[in-house]
Amino acid sequence: DAGITQSPRHKVTETGTPVTLRCHQTENHRYMYWYRQDPGHGLRLIHYSYGVKDTDKGEVSDGYSVSRSKTEDFLLTLESATSSQTSVYFCAISGPGTDYEQYFGPGTRLTVT
Amino acid sequence: AQRVTQPEKLLSVFKGAPVELKCNYSYSGSPELFWYVQYSRQRLQLLLRHISRESIKGFTADLNKGETSFHLKKPFAQEEDSAMYYCALRTTSYDKVIFGPGTSLSVIP
């Protein structure tokens, strides 16, 4: 499974609380991504990283922030969770070593009540 | 604008019938296109990419730049093909990949 894990795998939280999801890789790949998966919308890019401390916004970045302080970890933070952020979140990695194929984590199911 | 569309949310076919999952894209640069698949309770994974021109699990896809399409085809569907299929476009901007909304394929025994 390409050495990529996500934690937690499931989380239920209340509206207004902060939430941090973690993506960890053991492959030393340059690029890391956070997507959300919703019925009818497919996978939408939230944020991505092209190196340590180098991040940029995707198409649905409002309400989310990210940090990458070391190559192996990419954190996604919901500063104040809302019900519209209930979703399945996927992390992915890629780089020259993958021939730019994206490898995905197992996903985190987040429910905001 | 960079965009990937998949017009069918759901597609049902009988086992042994041909299947075609449609994908269209818009991109001003030279496109690199992929099909990813997500089987039940498994991770999203690459099925094929247009530059390799391979046939994976009997699936093929041809890039048609004139019609801006990258349709996925298989002549004889199998039950194990039931899954969610995503068409994706890789851009040259920091290796961003744009996914379509996905098509859920159901193969009826």
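Output the residue which, of all residues in the range A:65-95 that are among the β-branched types (Val, Ile, Thr) and over 21 Å from B:GLN38 (Cβ atoms), is nearest to the other protein chains (Cβ to nearest Cβ).
Looking at the filtered set, the residue picked out is A:VAL66.
Within the range A:36-58, take every residue that is in contact (Cβ under 8 Å) with a residue 40 or more places away in the chain and within 10 Å of chain B (Cβ to nearest Cβ) and give me the one that is farthest from the chain's Cα centre (by Cα).
A:ASP38
Condition first: part of a strand (DSSP E or B) and either among the hydroxyl-bearing types (Ser, Thr, Tyr) or touching a residue at least 60 places away in the same chain (Cβ under 8 Å) (or both). Now tell me which residues in the range A:59-89 satisfy that.
A:TYR64, A:SER65, A:SER67, A:SER69, A:THR77, A:LEU78, A:SER87, A:TYR89
Can you name the residue in the range A:96-113 that is within 14 Å of chain B (Cβ to nearest Cβ) and either crowded, with 19+ Cβ neighbours inside 10 Å or of a type in the set (S, T, N, Q) (or both) and, of all such residues, is farthest from A:PRO18 (Cα to Cα)?
A:THR98
Just for the range A:25-35: of the residues that are of a type outside the set (Ser, Thr, Tyr) and within 11 Å of chain B (Cβ to nearest Cβ), which one is surrounded by the most Cβ atoms within 10 Å (Cβ to Cβ)?
In this case the residue turns out to be A:MET32.
Restricting attention to the range B:55-84, and to residues there that are under 17 Å from B:LEU11 (Cα atoms) and within 14 Å of chain A (Cβ to nearest Cβ), which single residue is surrounded by the most Cβ atoms within 10 Å (Cβ to Cβ)?
Residue satisfying both the conditions and the ranking: B:ALA83.
Look through B:LYS73, B:LYS65 and report the one residue that is in contact (Cβ under 8 Å) with a residue 12 or more places away in the chain and in contact with an Asp or Glu (Cβ under 6 Å, 6 or more places away or on another chain).
Within the list B:LYS73, B:LYS65, the selection yields B:LYS73.
Got a number for residues in the range B:5-45 being more than 15 Å from A:GLN37 (Cα to Cα), in a strand (DSSP E or B) and open to solvent by less than 40 Å² (accessible area, probe 1.4 Å)?
Qualifying residue count for the region: 9.
Only one residue in B:CYS87, B:CYS23 is within 14 Å of chain A (Cβ to nearest Cβ), under 30 Å from A:GLY51 (Cβ atoms), touching a residue at least 12 places away in the same chain (Cβ under 8 Å) and touching a Cys at 6+ places or on another chain (Cβ under 9 Å), so which one is that?
B:CYS87
The values are calculated or read from the model by the stated rules, or taken from the named source; none is laboratory data. None of the values given here were measured: they were computed from a predicted structure. Heads up, the Cβs are rebuilt from the backbone with ideal geometry, glycines too, and the neighbour counts pull from every protein chain shown. Just the protein is used for accessible areas: all its heavy atoms, side chains included, with ligands, DNA and RNA removed. Shrake-Rupley method; radii C 1.70, N 1.55, O 1.52, S 1.80 Å.
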